[in-house]
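Nothing in this text is a laboratory measurement; each read-out follows from the coordinates by a stated rule. Computed from a predicted structure; not experimentally measured. Quick reminder, even Gly has a Cβ in these numbers, built from the backbone with ideal geometry, and neighbours come from all protein chains shown.
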Amino acid sequence: MNLQEAITGYLRFTGHKSLEITTALIDMDGVLYDSMKNHTRAWYKLMTKNGIKATRDEFYAYEGMTGTETLKMLFRQRAGKILTNDEAVALYKVKTRYFHELGEPNVIEGVRDVLQILKEHGVARMLVTGSGQQSVLERVDRDFPELFAQERITAADVSHGKPNPEPYLKGMSKMGAKPNQCMVIENAPLGVQAGHAAGCFTIGITTGPIPQKDLLKAGADLVFPSMEDFAKELPDVLSVIGFKK
Ligand code: CA
């Protein structure tokens with residue numbers, strides 16, 4: 001990790017004069033939960049049953065898009081079919097059922113430490129996810145009590161999912177923070193792109209098969225090989241870019 005280089009690169013890209021983090025905007029799948037394996041399985045099953053050719057691993061690349069966006073894109077590309085919104089919502093419900101049949105995914109090792117460290121440093125924490133899966137969203141309150149702000153951004157709050165910056169721009173505005181006060185925590189290239197495009201200091205963490213270089217290419221300011229590594233470095237990172245009381 002070269003924090004100084006990352007800061008210099010961030011300030012050059014955004015044109016901001018300073019970086020002082022007050023707020024963390026935090027993704028869910030692949031950041032809080034080790035859920036991507038099950039998502040890719042559920043997607044693959046849904047596509048195959050509907051006669052759409054797909055591979056399981058390609059769904060890692062769509063991580064961050066809303067479910068209905070992914071469905072519309074694949075049906076258009078592979079079957080020349082334009083799904084209506086109602087059709088996409090109905091198919092997404094089936095995908096959600098397949099996902100639940102696979103059981104509850106585990107909490108990512110180290111992420112509770114990350115949230116705790118942010119809290120201790122006075123950094124506000126907000127969930128920003130492309131997911132619309134109600135039961136998983138409810139689980140966040142259960143698994144991370146008092147670690148997240150009441151307000152959150154989900155698929156229901158945005159018209160454009162990641163890589164569009166809209167989810168992060170909306171999160172930022174709900175938290176009353178400016179881009180150079182926000183740290184985005186992401187595990188997937190489209191999510192990193194969204195955070196970067198929103199002008200936030202964007203941290204990529206590999207928690208699945210996506211390589212670190214893909215997160216850097218997507219615009220991550222800093223990349224860590226695991227959530228535990230990030231937790232270890234986070235106090236030092238915040239001592240430099242955290243807001244000073
Ligand atoms: Ca994710």
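Before moving on, here are some points about what is shown:
- Residue among 68, 84 that alone is β-branched (Val, Ile, Thr) and over 28 Å from residue 172 (Cβ atoms): 84
- Any chance residue 185 is under 21 Å from residue 117 (Cβ atoms), of a type in the set (A, V, I, L, M, F, W, C), within 15 Å of the ligand (Cβ to nearest atom) and more than 10 Å from the chain's Cα centre (by Cα): no
- The listed residue being surrounded by fewer than 16 Cβ atoms within 10 Å (Cβ to Cβ) and either out of contact with any Ser or Thr (no Cβ under 7 Å at 6 or more places or on another chain) or closer than 22 Å to residue 226 by Cα (or both), out of 66, 48: 48
- For segment 197-231, residues that are of a type in the set (D, E, K, R), over 23 Å from residue 164 (Cα atoms) and touching a strand residue (DSSP E or B) at 6+ places or on another chain (Cβ under 9 Å) total 1.
Yes or no, residue by residue, for (1) farther than 21 Å from residue 208 by Cβ; (2) under 19 Å from the mean Cα position of the chain (by Cα); (3) of a type in the set (Asp, Glu):
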position	(1), (2), (3)
36	no, yes, no
51	yes, no, no
83	yes, no, no
86	yes, no, yes
106	no, yes, no
110	no, yes, no
125	yes, yes, no
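- Qualifying residue in segment 26-39 (condition: touching a Gly at 6+ places or on another chain (Cβ under 8 Å) and more than 23 Å from residue 190 (Cβ to Cβ)): no
- Residues satisfying the stated conditions in segment 16-30, i.e. closer than 18 Å to residue 119 by Cβ and either within 16 Å of the ligand (Cβ to nearest atom) or of a type in the set (A, V, I, L, M) (or both): 21, 24, 25, 26, 27, 28
- Contacts under 9 angstrom Cβ, first residue in segment 129-144 being within 20 Å of residue 91 (Cα to Cα) and within 15 Å of the ligand (Cβ to nearest atom), partner of a type in the set (D, E, K, R) and part of a loop (DSSP other than H, G, I, E, B), 6 or more apart: 129/27; 129/152; 130/27; 130/162; 136/104; 137/152
- Every residue from segment 168-192 that is buried (at least 21 other Cβ atoms within 10 Å of the Cβ) and under 15 Å from residue 30 (Cβ atoms): 184, 185, 186, 187, 188, 189, 191, 192
- Filtered residue count, segment 117-175, keeping only those that are of a type in the set (Lys, Arg) and under 20 Å from residue 241 (Cβ atoms): 2
- Segment 194-226: number of residues that are within 14 Å of the chain's Cα centre (by Cα), polar (S, T, N, Q) and more than 12 Å from the ligand (Cβ to nearest atom): 1
- Whichever residue in segment 31-75 is within 13 Å of the ligand (Cβ to nearest atom) and assigned to a loop (DSSP other than H, G, I, E, B) and, among such residues, is nearest to residue 112 (Cα to Cα): 32
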